């Protein structure tokens, strides 16, 4: 322990001792501060243990990729994915939107996902395939228009049939690494989802396992909540989303920077590993701008975008993810980097990505 730390702790203890000698409220404040201090030391110790336990495992950066989003930015989805492969991306989280791949209740069109798997296979890239109703990107729950007004019991059966078709089609692809079942399933405050049935989640898990027990299944949690996912299903591993700066649309209507340091997420991964024996990966590390007031990226200018994501911020996101100790990281916003370069003629984010993936 350094002399400076000893001196600081001595001053703190002396202050607490004097303050504790006051009235009842002084005592309550001191006790609360002491408990917070002990809890912080406990959490930090778990975080350091986890980081050390994973220190010999190499980190792998990947990206989430959504063709619909690339297209909404005015990009060619195939050119976008090809360009990501060209700079060294070899890990993708791909979506299987029910609304995209099931044009009618009696027909499927897998062409959109087929070309993504084909490209991944061609370059030896690995794929995490998201399955289920709730998947990455707004509106989160991607239900086909033809199923919107169907009774729950009816559309659930149709969803299960769709999941079965997806798993059977891609389970033998050499690119497939694992599945992510749904996406932040119980996060009620974001998206247009209304069905949060744990029974459905468990049924989907059992269905995927029965069809393919060779590939691990990931279940994602939200980004900041303290807690251990003790309920069913019990997947092979968990994932977490990390956002550091967002637009608060509910209370302040301003940008909000979360106060959580990287070691906080290492604690979440560590305590989970100790209690459940399950590892955790980062499925979304914020790496794109967050526009205000519910606007889309294309509705705000570059100066506004830079308030939440510029080249320095992107470097910080890569480094932040590394400091959590988790070894599989999918960056969130790769389509956006390409958009900045191709549409806005600003290659600054793309250049950062080129440098980071050259180390991959």
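The values are calculated or read from the model by the stated rules, or taken from the named source; none is laboratory data. The shown structure was predicted, so the numbers you read here are calculated from the model rather than taken from an experiment. In this analysis, Cβ positions are derived from the backbone assuming ideal geometry, glycine residues included, and neighbour counts consider all displayed protein chains.
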Filtering segment 90-99 down to residues that are in a loop (DSSP other than H, G, I, E, B) and surrounded by 23 or more Cβ atoms within 10 Å (Cβ to Cβ) yields 95, 96
Pairs please, first residue from segment 32-47 and free of Cβ contacts under 8 Å to residues at least 12 places away in the same chain, second anywhere and in a helix (DSSP H, G or I), Cβ atoms under 6 Å, 6+ apart in sequence or on different chains. none
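This table checks each residue for (1) assigned to a helix (DSSP H, G or I); (2) closer than 19 Å to residue 92 by Cα; (3) modelled with pLDDT of 95 or more.
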{"residue": "270", "(1), (2), (3)": "yes, no, yes"}
{"residue": "294", "(1), (2), (3)": "no, no, no"}
{"residue": "304", "(1), (2), (3)": "yes, no, no"}
{"residue": "316", "(1), (2), (3)": "yes, no, yes"}
{"residue": "326", "(1), (2), (3)": "no, yes, yes"}
{"residue": "331", "(1), (2), (3)": "no, yes, yes"}
{"residue": "350", "(1), (2), (3)": "yes, yes, yes"}
Output for segment 93-106, where each listed residue is closer than 13 Å to residue 136 by Cα, in contact with a helix residue (DSSP H, G or I) (Cβ under 6 Å, 6 or more places away or on another chain) and touching a residue at least 40 places away in the same chain (Cβ under 8 Å): 96, 98
Out of all the residues in segment 245-254, is one or more in contact with a helix residue (DSSP H, G or I) (Cβ under 9 Å, 6 or more places away or on another chain), closer than 21 Å to residue 329 by Cβ and touching a residue at least 24 places away in the same chain (Cβ under 8 Å)? yes
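Does residue 173 qualify as being out of contact with any helix residue (DSSP H, G or I) (no Cβ under 7 Å at 6 or more places or on another chain) and surrounded by fewer than 20 Cβ atoms within 10 Å (Cβ to Cβ)?
No: the conditions fail for residue 173.
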Among the residues of segment 216-239, the number that are part of a loop (DSSP other than H, G, I, E, B) and either buried (at least 20 other Cβ atoms within 10 Å of the Cβ) or in the same structural domain as residue 43 (by TED's automatic domain parsing) (or both) is 2
Please pick out the residue among 154, 80, 130 that is assigned by TED's automatic domain parsing to the domain that holds residue 237, part of a strand (DSSP E or B) and at pLDDT 95 or above. 130
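Residue-by-condition table, conditions (1) touching a strand residue (DSSP E or B) at 6+ places or on another chain (Cβ under 7 Å); (2) closer than 18 Å to residue 348 by Cα; (3) touching a residue at least 40 places away in the same chain (Cβ under 8 Å); (4) surrounded by fewer than 20 Cβ atoms within 10 Å (Cβ to Cβ):
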{"site": "264", "(1), (2), (3), (4)": "no, no, yes, yes"}
{"site": "274", "(1), (2), (3), (4)": "no, no, yes, yes"}
{"site": "293", "(1), (2), (3), (4)": "no, no, yes, yes"}
{"site": "299", "(1), (2), (3), (4)": "no, no, no, yes"}
{"site": "312", "(1), (2), (3), (4)": "no, yes, no, yes"}
{"site": "329", "(1), (2), (3), (4)": "yes, no, yes, no"}
Does residue 119 satisfy the criteria of being touching a residue at least 40 places away in the same chain (Cβ under 8 Å) and within 21 Å of residue 215 (Cβ to Cβ)? yes
Would segment 195-212 turn up any residue that is farther than 20 Å from residue 313 by Cα, in contact (Cβ under 8 Å) with a residue 60 or more places away in the chain and in a loop (DSSP other than H, G, I, E, B)? yes
Kindly list the number of the only condition in (1) crowded, with 17+ Cβ neighbours inside 10 Å; (2) without any contact (Cβ under 8 Å) to a residue 40 or more places away in the chain; (3) within 22 Å of residue 137 (Cβ to Cβ) that fails for residue 242. (2)
Looking at 143, 163, which one is touching a helix residue (DSSP H, G or I) at 6+ places or on another chain (Cβ under 9 Å), surrounded by 16 or more Cβ atoms within 10 Å (Cβ to Cβ), in a loop (DSSP other than H, G, I, E, B) and modelled with pLDDT of 95 or more? 143
Looking at the structure I just gave you, is residue 33 touching a helix residue (DSSP H, G or I) at 6+ places or on another chain (Cβ under 9 Å) and at pLDDT 75 or above? yes
